[in-house]
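Peer 1: One structure follows; several queries about it will come next.
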Amino acid sequence: MNPKKKSKELKRISRENLNGRYRLSMSVFLTVTLINLFSDLPFTYLLGNVYATKVQTVIYYIAEVLLSIVVGVLQMGLIRFHLNMARKKECRISDVFYCFTNHSNRYFGAYIIYYAISMIAKAPFLVARNFFKLSGDTMGIAIALYAASAVLSFIVLVLFPFYLYLVLSRDDLSVFACLTNAIKLIRGNILRVIYINVSFIGMLVLCVLSLGIGLLWVEPYYEQTFANLFLDVTGELPAVDCAV
C-alpha cells in the first residue's frame with residue numbers, strides 16, 4: 001500500500017495542477033457563486049423580510065430548500081471539475097452543469113440525501129433560533145441546542161466529506177452504497193480532513209479582510225487540495241502522479 005501523502009505534499013500537487021489553469025478555476029467558482037446569488041435574491045427580496053401570512057412563510061422556506069438543493073447539485077459540478085483536473089483530464093466550465101444533464105436523478109437523489117443529513121444536524125439550531133431566546137429562563141435550553149447542533153454539524157463534516165466525491169466517481173455504486181463506503185473511507189483519515197480544513201483558516205481570514213475577493217484564489221486551491229486528498233485516500237493519486 002502506498003503511504004499517505006502529507007497535507008503539504010497534497011497542496012504542492014494542487015498548486016501544480018492549478019498552474020496555468022487558475023483563471024479557468026476562478027471562472028468556475030464565480031459561475032457557481034453568481035448563480036447562487038442571483039437565484040436567491042428574488043425570494044430574499046420579496047419574501048425574506050415579509051411574514052404577513054403563514055402562506056408567505058411556507059413559500060419562502062420551500063423556495064429556500066429547493067434552491068439549496070439546486071445549488072448543491074451545481075456544487076457537485078464544481079467538485080467534478082476539480083476531480084477531472086486532479087486526474088489530469090480535460091476540465092471546463094461546462095462541468096459545473098454536468099449533474100443536470102447526465103444521470104440527473106442520481107445526482108439530485110444523492111444531494112437530497114446529503115442535504116437531509118445536514119438538516120438533521122442543523123435541526124437543534126433551527127429550533128433554538130425560532131423558539132428559544134438567549135436570555136431569561138430559556139437561555140440554558142438555547143445554548144444547549146446550539147451546542148448540540150454544532151457537535152452534530154462537526155460529525156457530519158468529518159464523517160461524510162467524501163460522499164459526493166464517491167457519487168461522482170463510482171457509477172457502479174448506488175447513492176446509498178456510496179454513503180456507506182464514504183464512512184469506510186474516512187476511517188483513519190479524520191485527522192487529515194480536520195487538519196486540511198484548519199490549515200485554510202488563515203487564508204479565509206485574509207479573504208474576509210479582502211472583502212471576499214481573495215476567495216477567487218483560495219477556493220480553487222482548497223477544492224483542488226480536497227480532490228487530491230480524495231484520490232490519495234482511494235489510492236488513485238499515485239497512479240495519476242506516475243502518469244505525468
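Readers should treat all values here as calculations from the given coordinates under stated rules, not as data from a laboratory. Computed from a predicted structure; not experimentally measured. Note: ideal-geometry Cβ built from the backbone for every residue, glycine included; neighbour counts use all protein chains shown.
Peer 1: How charged is the neighbourhood of Val70? Take every other residue with its Cβ under 14 Å from the Cβ of Val70, and add Lys/Arg as +1 and Asp/Glu as -1.
Peer 2: Taking every other residue near Val70 into account, the sum is -2.
Peer 1: Moving to a separate point now. Peptides 93-100, 171-178: what's the order by average Cβ count within 10 Å, highest mean first?
Peer 2: Peptide ranking by packing, descending: 93-100, 171-178.
Peer 1: Computed from the mean reciprocal separation of all distinct C-alpha pairs, what Kirkwood hydrodynamic radius does segment 122-244 have, in Å?
Peer 2: Hydrodynamic radius (Kirkwood, Cα pairs) of segment 122-244 is 17.1 Å.
Peer 1: Can you give the calculated 222 nm mean residue ellipticity of the chain, where each DSSP H run of n ≥ 4 adds -39,500 (n - 2.57) and the sum is split over every residue, rounded to the nearest 500 deg cm²/dmol?
Peer 2: About -25000 deg cm²/dmol.
Peer 1: A follow-up question, please. Any idea what the relative contact order of segment 116-244 is, in percent, if you count C-alpha pairs under 8 Å spaced at least 6 apart?
Peer 2: Rounded, it is 17 percent for segment 116-244.
Peer 1: Could you tell me the convex hull volume per residue, in Å³, taken over the Cα atoms of segment 62-141?
Peer 2: Residue-normalised Cα hull volume stands at 125 Å³.
Peer 1: Relative contact order for the chain: what percent, with Cα pairs under 8 Å and sequence separation of 6 or more?
Peer 2: Over the chain, the number comes to 26 percent.
Peer 1: Tell me the relative contact order for segment 96-173 as a rounded percent, counting alpha carbon contacts under 8 Å between residues six or more apart.
Peer 2: The normalised contact order for segment 96-173 reaches 29 percent.
Peer 1: List the aspartates and glutamates whose alpha-carbon lies under 19 Å from that of Lys6, not counting same-chain residues fewer than 8 positions away?
Peer 2: Glu16, Glu223, Asp232, Glu236, Asp241
Peer 1: Are there any helices in the chain, counted as whole DSSP H runs, that stretch 15 Å or more along their axis by Cα and score at least 1.0 on average by Kyte-Doolittle, and if so which?
Peer 2: 22-43, 54-86, 139-159, 175-186
Peer 1: While we're here: So which lysines pass the test for Lys8, namely a Cα distance under 30 Å, with those fewer than 8 places away in the same chain ruled out?
Peer 2: Output for Lys8: Lys88, Lys89, Lys184.
Peer 1: Assuming 0.36 nm per residue, please report the length gained on full extension of the stretch Ser199 to Leu41 beyond their Cα-Cα distance.
Peer 2: Taking 0.36 nm per residue and subtracting the Cα distance, the gain is 53.6 nm.
Peer 1: For the chain, what are Rg and Dmax over the alpha carbons, in angstrom?
Peer 2: When restricted to the Cα atoms of the chain, Rg and Dmax are 19.5, 64 Å.
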